[in-house]
Amino acid sequence: MNTGKINVQTENIFPIIKKFLYSDNEIFLRELVSNATDATKKLKALASIGEANVELGDLKIEVEVDKSSKTITIKDKGIGMTKEEVEKYIAQIAFSGAEEFVTKYKDKVDKNVVIGHFGLGFYSAFMVAKKVEIYSLSYKKDAKAVHWECDGSPEYNIEEISNRVIRGTNIVLHIADDCEEYLENAKIEGLLKKYCKFLPVEIKFGTKKEWVDSGEKDDKGEDKQKEVEVDNIINNPNPAWTKKPTDLTDEDYKKFYHELYPMQFEEPLFHIHLNVDYPFNLTGILYFPKLSNKLEMPKDRIQLYSNQVFVTDNVENIVPDFLTLLRGVIDSPDIPLNVSRSYLQADANVKKISSHITKKVADKMEEIFKKDRAEFEKKWDDIKIFVQYGMISDEKFYDKAIKFALVKTTDNTYYTFEEFENKVKALQTDKDKKLIYLYATNVSEQHAYIDAAKSRGYEVMIMETGLDPHYINHLESKLKDVSFVRVDADTVDKLIKKDDNTISKLSEDEQKKLEPIIQETVSKEQFHVIFENLSETDAPMIITRPEFMRRMKDMNQMGGSSMGFNMPDMYNLVVNSNHPLISRILNEGDADKQKNLAKQTTDLALLSQGLLKGESLTKFIKRSVELI
């Protein structure tokens, strides 16, 4: 057996870096500023353990754009590099100085003190630059400054220089002709605020003017203001998620929410502070915004960070879909900085983190529910679609959420599913020992049906979101011996089938005689006439919609079922065979009067459901006036 060594041709690696390693060339700035942050944090770490005897001084990172010379410069006052270190870390692609640093000082410094892990970030510079220069001076005593330059070919030049006396590193990018958009200050400031907004070292980008107290008083004895020029610091090095929850107030959390989403004027309902150090490192803050009844993905989404470096805000398929309804920040050094979303989706650590966040969210919601149920109930209508979506899409979330998911009744009372079952099972169990949960989707439109159900002592829950048809189907598959029936799916006595001993006042022959007369008043394609033995006090005719047909249509409108595709609206026209008006129609000797009476009664039923419109409604009004 022969063995060999894979030969990586450097002339081929640069095109790969430029085109395929990263999904967007704008992240070159993130990579280079992250490297500068690492260099600064390394120096602070070494100084803290006595390994670097230096005066730290001002450690700001500076980013400068020179449009005339077509350069972008990233300056740090961090650890710096010697000539040997430049050749070791820069000339060897994928050799990570960060990894080496962590390995060397693993027992003395926090492993998350640095960001980089792959040793590839520096080369993202060649995505926008035709030439890159490095000027660096190490913190080490008697070190000599070094200058390195490369034009994107495998060849580079390196030399020691004597005209640099400032510790740290300057990276100078000579911007390529096809990337001159990056020489605009607004463009660079936008990228810094996007990717580096929360890096742990202050980042200066030019200056800005501010009004401050002058120390003098005006004629009225009030403080005079003066305009001064100050550093334009574009980042917050100590964002709220890096602090302990005990050190933050509710006001701090709200302030940070508006820092993340400056265009959001509504306050979040509540927040969850994530702080995990085993089996992986994870911090963050998730906020619950008010959610509408429509299942819409919010524009301001969860932001994913790695060691305070922005990775992406496109977190679909990285965290469970239902969590994308939330806002906030998730930060973990275990999330790779590769910005390929397909890579992130497949990463094992990302999957573990996603699962853990789901658990933490469920635990926190249960805690809030138990701690202050009244407050939880107030917020339920604003968060229920999130809980419903989570219960449908995530088995583990369902197992936890079923304990705090609420049922809201038409009396505006809230129950857990366990409480609701205990309340209704005595009256709402049918003859087959199945528990029937009655629900309404529109309290106003279905008022007559709700009123009829409540007259029997039944409880009616409200299910009015677009997600509810799917939610109901899921609950029926999970809850034992339970069926959901919409309150207008049948007559009140048939909603929960009991032993029926009601006797009809009409014989079968009389019903057969009357059926075609009534059927003529409605469309045969839309309405099916049936006779039922209801109470004399119930309406003479009632419109119902079969539960299965209606639910399939609702699900099709929401998406997720092909069975309801182009399904026509189908209704039952239920004729109360025990109502006196029905007997009167049957016994009316005048054919025209009989037809008008049947039509008027049918139209009343249609009107009660908002199904009488246009010409039919006009004729009904005229006929009503004539009858009066």
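The values are calculated or read from the model by the stated rules, or taken from the named source; none is laboratory data. What you see is a predicted model; the values in this text were computed from it and never measured. Cβ placement follows ideal geometry from the backbone for every residue including glycine, while neighbour counts extend to all protein chains displayed.
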Take the range 369-389 and flag every residue that is closer than 30 Å to Ile335 by Cα and either among the acidic types (Asp, Glu) or surrounded by fewer than 18 Cβ atoms within 10 Å (Cβ to Cβ) (or both). none
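Could you name every one of the strands (runs of 3 or more DSSP E) located completely within the range 428-545 that has at least 2 residues being under 36 Å from the mean Cα position of the chain (by Cα) and in contact (Cβ under 8 Å) with a residue 24 or more places away in the chain?
Per the criteria, 435-440, 460-462, 482-486.
Table: residues versus (1) under 19 Å from Tyr89 (Cβ atoms); (2) modelled with pLDDT of 90 or more; (3) part of a loop (DSSP other than H, G, I, E, B).
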residue: Lys5; (1), (2), (3): no, no, yes
residue: Pro15; (1), (2), (3): no, no, no
residue: Lys18; (1), (2), (3): no, no, no
residue: Ser23; (1), (2), (3): no, no, yes
residue: Leu29; (1), (2), (3): no, yes, no
residue: Val33; (1), (2), (3): yes, yes, no
residue: Ala36; (1), (2), (3): yes, yes, no
residue: Thr40; (1), (2), (3): yes, yes, no
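The rows are residues; the columns are (1) at negative phi; (2) of a type in the set (A, V, I, L, M, F, W, C); (3) modelled with pLDDT of 90 or more.
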| position | (1), (2), (3) |
| --- | --- |
| Asn163 | yes, no, no |
| Val201 | yes, yes, yes |
| Asp219 | yes, no, no |
| Glu227 | yes, no, no |
| Asp231 | yes, no, yes |
| Lys244 | yes, no, yes |
Among the residues that make up the range 191-207, is at least one of them within 24 Å of Ile134 (Cβ to Cβ) and of a type in the set (S, T, N, Q)? no
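With the structure loaded, tell me whether Lys209 is closer than 30 Å to Ser34 by Cα, in contact (Cβ under 8 Å) with a residue 24 or more places away in the chain and exposed (fewer than 12 other Cβ atoms within 10 Å of the Cβ) or whether it fails that test.
Criteria not met by Lys209.
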Index of the failed condition, Glu227 passing every other in (1) surrounded by fewer than 11 Cβ atoms within 10 Å (Cβ to Cβ); (2) assigned by TED's automatic domain parsing to the domain that holds Glu64: (2)
Regarding Ile392, is this residue under 15 Å from Ile472 (Cα atoms) and in a helix (DSSP H, G or I)? yes
Conditions: (1) basic (Lys, Arg); (2) out of contact with any helix residue (DSSP H, G or I) (no Cβ under 8 Å at 6 or more places or on another chain); (3) over 21 Å from Val54 (Cβ atoms); (4) not in a strand (DSSP E or B). Lys209 meets all but one. Number of the miss? (4)
Pairs needed: first member in the range 353-374, in a helix (DSSP H, G or I); second member anywhere, among the basic types (Lys, Arg) and surrounded by fewer than 17 Cβ atoms within 10 Å (Cβ to Cβ); C-beta distance under 7 Å; at least 6 residues apart or different chains. Thr358/Lys396; Lys359/Lys396; Glu366/Lys403
Any chance the range 414-427 includes a residue that's modelled with pLDDT under 95, assigned to a strand (DSSP E or B), among the β-branched types (Val, Ile, Thr) and outside the structural domain of Lys290 (by TED's automatic domain parsing)? no
Do you know which residues across the range 239-261 are touching a strand residue (DSSP E or B) at 6+ places or on another chain (Cβ under 8 Å), over 12 Å from Tyr287 (Cα atoms) and not in a helix (DSSP H, G or I)? Pro239, Lys244, Leu248
